[in-house]
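Q: For reference, the structure I am asking about is given below.
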Amino acid sequence: MFKLRPLRPEWVTLLTSVLLLACYNLPLWQHLLEITPAGWPGRLLAGAFALLLVVCFNLILTLFAFRGLLKPVLTALLLLSAGVAYFMNQYGVLIDVEMLRNVLETDPAEVRDLLSFKLAAYLLLLGALPVVLLWRLPIAYRSWPRELLSKACVGVVSMLMVGGIALGNYQGLSSMLRNHHELRMQVTPSNTVGALFSLAKGKATASHAALRPTAADAERAASWQAHGRKSLTVLVVGESARAENFALNGYHRDTNPRLSAEQGVINFSDVHSCGTETAVSVPCMFSDLTRRHYSDAEAKSQEGLLDVLKRAGFQVLWRDNQSGCKGTCDRVAFEDLSHSKDPALCGDGECHDDILLKDLQAYIDGLDRDTVLVLHQMGSHGPAYYKRYPKDFEKFTPVCQSNDLSACSRESIVNGYDNTVLYTDHVLASLIDLLRSNQSKLDTAMIYMADHGESLGEYNLFLHGTPYVLAPDQQKHVGMLAWFSEGYQQSFALDSACLRQHAAQPLSQDNLFHSMLGLLEVRTRTYNAGLDMFAGCREPSVRQALAFD
């Protein structure tokens, strides 16, 4: 058995810094070579940037280079960096606080879909192996006074080097960092560590904030006096459903055969999401915060749409076939169907979205109040698209049968995704059929809006979660449609022909909160008619009933 030579802690931190930058940051270096000028000027700039990172990493790690602390810290960084490197290499993701929040709020079923032999190889070769070598390595620590002196010397030299590199390459580095904000989200592990600190700070702030009421004055408008029957409004929250692959939006494949045949379906073709991951989009779309003003801490510190509807007297129920409601349904009735045991609809630890419709007729039969029902789909969640639909809906083939998308052709990945859209078409059309069959006793309606889109290899990106400012349209342009029974249109003074005429106008998830308040005739000073997508297609008497003098 070979014996490793003892090293001073300064050499350990320096070697670790070089290792992290060289072996865990392939996407960073690929991108850096793309954005720097060709030839020696660009290579020198990339080299200066690399040297700057090594010095900064070494400076930070030196702060932890003490007996009993250094090896645990480096172990955590190496294992964390190995996992991050896999996902950045595999899916082209960028790491920021929203991506990290989405990862931490992922349920076990979604985690299983991300496990692969390649991930295990990354964790073994870039994680476990360096950690084993690290713990076998003897480190020659000095006495405390000498150790502190050496740290001070490293700090001074590092700061001088940072200043020299920055000043010597100021024009090129400042221009590159100013024009390419994505670079900071590609540097592993500082991207993840920074996101962890930001996430922890946000959670600490939210946990100490008292829940603020939203629309405390909410009540039903006087126009409700003309309603003769109970109503059921179903809001379906889709998952990873990009509008580009909906036949209703002109896609070349027939992914919406049943919805296309529905005369009453209104397709909104230009709708954009608030975020590119569920953990952002769902809380945002149910809040009165617009995307511009949204933050996780702000959303968690105040009530949302469902609280307001409950205050106005509606019965509210959230039925979930996903990873939960991300805090938006914490104060209303909740039903988790994702772990149901129905052998016809469930298997391998998850259920197909038809589970959301199971026993729904019995629920409708028992309604005695005006009700808002939210159905949260598994939808088109990747990377295991082939698991999201029954085999009967595998129309587009061949299909990628793996969660390792790098092992599949892009054609097979798109085929699997399109089959999920085809299945969503079936689920929504079946829901409309059920609502239609009950329209003799209830006013019924369905509104479908996806939380975010999905990348399928465009720009070498897969899945979703790319920071919004950098995300391609495929991750932000989402599917949305609506259906209203004739009785619902009459009771709520809604002109569906008018809606269809204006369905191509630009909309976003910013519109949902106020549109639902306006549609359900909830009167509150919080309501903004300018964000109500239905306002222009309601009778003037309803708009007047919602207005304040």
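Q: Please name which of Val97, Ser508, Gly228 has its Cα lying farthest along the dipole of the chain towards the positive end, using unit charges on Cβ (Lys, Arg +1; Asp, Glu -1) and the Cα centre as origin.
A: It is Val97.
Q: Report P(r) for segment 432-503: all Cα-Cα distances, bin width 10 Å, range 0 to the bin holding the largest distance, values in whole percent.
A: 18, 32, 21, 20, 8, 0
Q: Viscosity 1.002 mPa s, temperature 20 °C: what is the translational diffusion coefficient of segment 424-549 from Stokes-Einstein with a Kirkwood Rh over Cα pairs, rounded to a whole number of µm²/s? The partial results should precede the final answer.
A: Values: Rh = 16.5 Å.
It diffuses with D of about 130 µm²/s by this estimate.
Q: Here is a follow-up. Please calculate how many Å² of accessible area segment 291-444 carries per residue, with a 1.4 Å probe and no DNA, RNA or ligand atoms counted.
A: Heavy-atom SASA per residue in segment 291-444 reads 37 Å².
Q: Between Leu148 and Leu104, take the C-beta separation as r, use R0 = 35 Å, and let me know the FRET efficiency to the nearest 0.05.
A: With R0 = 35 Å, the Cβ-Cβ based efficiency is 0.45.
Q: Okay, moving on. On alpha-carbon atoms, Rg over Rh for segment 271-340 using Kirkwood Rh?
A: Using only Cα positions, Rg/Rh for segment 271-340 is 0.97.
Q: Moving on. Quickly estimate the mean residue ellipticity at 222 nm for the chain, helices only: each DSSP H run with n ≥ 4 gives -39500 (n - 2.57), and the total goes over all residues, rounded to 500.
A: Helix contribution divided over all residues of the chain: -13500 deg cm²/dmol.
Q: Provide the per residue accessible area, probe 1.4 Å, for segment 1-53, rounded to a whole number of square angstrom.
A: On a per-residue basis, segment 1-53 sits at 59 Å².
Q: Work from the charge dipole of the chain (Cβ charges, +1 for Lys and Arg, -1 for Asp and Glu, about the Cα centre) and give the residue of Ala218, Ser81, His464 farthest towards its positive end.
A: Of the listed residues, the answer is Ser81.
Q: Going down the table (Lys118/Lys387; Lys326/Lys395; Lys326/Lys476; Lys203/Lys326; Lys151/Lys203; Lys358/Lys391), which pairs top 22 Å between alpha carbons?
A: Checking Cα-Cα distances, Lys326/Lys395; Lys151/Lys203 exceed 22 Å.
Q: On to the next question. Calculate the translational D of the chain in whole µm² s⁻¹ from Stokes-Einstein, where the hydrodynamic radius comes from the Kirkwood formula applied to all Cα pairs, the temperature is 20 °C and the viscosity 1.002 mPa s.
A: It comes out at roughly 83 µm²/s.
Q: Where both residues lie in the chain, what percent of DSSP beta bridges are antiparallel, nearest 5?
A: Of the beta bridges lying entirely in the chain, close to 40 percent run antiparallel.
Q: Whenever you get a sec, compute what percent of the accessible area on segment 150-289 sits on carbon and sulfur atoms (1.4 Å probe).
A: Percent of accessible area from carbon and sulfur atoms in segment 150-289: 60.
Q: For a paramagnetic label modelled at 7 Å from the Cα of Asn460 toward its Cβ, which residues of segment 30-68 fall within the zone defined by backbone nitrogen distances under 11 Å?
A: 30-35
Q: For Lys3 paired with Ala261, estimate the spin-label separation in nm (one decimal), with each label point 7 Å from Cα along the Cα-to-Cβ line.
A: Taking the simple label geometry, Lys3 and Ala261 are separated by 8.0 nm.
Q: Compute all pairwise cysteine Cβ distances in the chain, then list the cysteines with no distance under 4.7 Å to another cysteine.
A: By the Cβ distance rule, which asks for a partner under 4.7 Å, the isolated cysteines are Cys23, Cys56, Cys153.
Q: Measuring with a 1.4 Å probe in the full set of protein chains, what accessible area per residue, in whole Å², belongs to segment 190-273?
A: Heavy-atom SASA per residue in segment 190-273 reads 46 Å².
Q: Considering only protein heavy atoms and a probe of 1.4 Å, how much of the accessible area of segment 344-432 is carbon and sulfur, as a whole percent?
A: Here it works out to 51 percent.
Q: Once you have a ≥ b ≥ c as the square roots of the Cα gyration tensor eigenvalues for segment 135-209, tell me rounded if a/c is under 1.5, and otherwise prolate or oblate according to whether a/b is larger than b/c.
A: oblate
Q: Helix 170-179 versus the longest principal axis of the chain: what angle, 0 to 90°, nearest 10, using Cα atoms?
A: Tilt of helix 170-179: around 20 degrees.
Q: On the protein heavy atoms, probe 1.4 angstrom, tell me the percent of accessible surface of segment 2-72 carried by carbon and sulfur.
A: 74
Q: Could I ask something else about it? Which order do the peptides 6-14, 495-503 take when ranked by the mean count of other beta-carbon atoms within 10 Å per residue, highest first? Please list the in-between numbers first.
A: Details: 6-14: 17.7, 495-503: 14.8.
Averaged packing, sorted descending, gives the order 6-14, 495-503.
Q: Could you give the size of the charge dipole of the chain about its Cα centre, using +1 on the Cβ of each K and R and -1 on the Cβ of each D and E, expressed in debye and rounded to the nearest 20?
A: Magnitude of the dipole: close to 2480 debye.
Q: How would you classify segment 87-175 from its alpha-carbon gyration tensor, with a ≥ b ≥ c the square roots of the eigenvalues: rounded for a/c under 1.5, else prolate if a/b is greater than b/c, otherwise oblate?
A: oblate
Q: Just the ratio, please: alpha-carbon radius of gyration of segment 329-483 over 2.2 N^0.38 Å, N its number of residues.
A: Against the empirical 2.2 N^0.38 Å value, I get 1.15 for segment 329-483.
Q: Roughly how big is segment 257-324's charge dipole about its Cα centre, with Cβ charges of +1 (Lys, Arg) and -1 (Asp, Glu), in debye to the nearest 20? Present the calculation step by step, with values, prior to reporting the outcome.
A: Working: 7 positive and 9 negative charges, 27 e Å.
Magnitude of the dipole: close to 120 debye.
Q: Right, here's the next one. Putting +1 on Lys and Arg Cβ atoms and -1 on Asp and Glu Cβ atoms, find which of Asn403, Ser295, Leu199 reaches farthest to the positive end of the dipole of the chain.
A: Leu199
Q: With a/c under 1.5 counting as rounded, go ahead and sort segment 208-293 into rounded, prolate or oblate using the C-alpha gyration tensor (a ≥ b ≥ c being the square roots of the eigenvalues; past the cut-off, prolate if a/b is larger than b/c, else oblate).
A: Since a/c reaches 1.5 but b/c is at least a/b, the shape of segment 208-293 is classed as oblate.
Q: Can you give me the long-range amide H partners of Val234? Hydrogens built in the peptide plane at 1.01 Å from N, cutoff under 5 Å, separation of 5 or more residues or another chain.
A: Here the answer is Leu373, Ala445, Met446, Ile447, since their amide H atoms fall under 5 Å of that of Val234.
Q: Which length gain, in nm to one decimal place, applies between Arg253 and Lys391 when the Cα-Cα distance is subtracted from 0.36 nm times their residue separation?
A: 47.8 nm
The values are calculated or read from the model by the stated rules, or taken from the named source; none is laboratory data. None of these values were measured; they are calculated from a predicted model. Don't worry about glycine lacking a Cβ; one is built from the backbone with ideal geometry, like all the others, and counts go over all protein chains shown. Just so you know, the surface numbers come from the protein's heavy atoms only, side chains and all, with ligands and any DNA or RNA stripped out. Shrake-Rupley method; radii C 1.70, N 1.55, O 1.52, S 1.80 Å.
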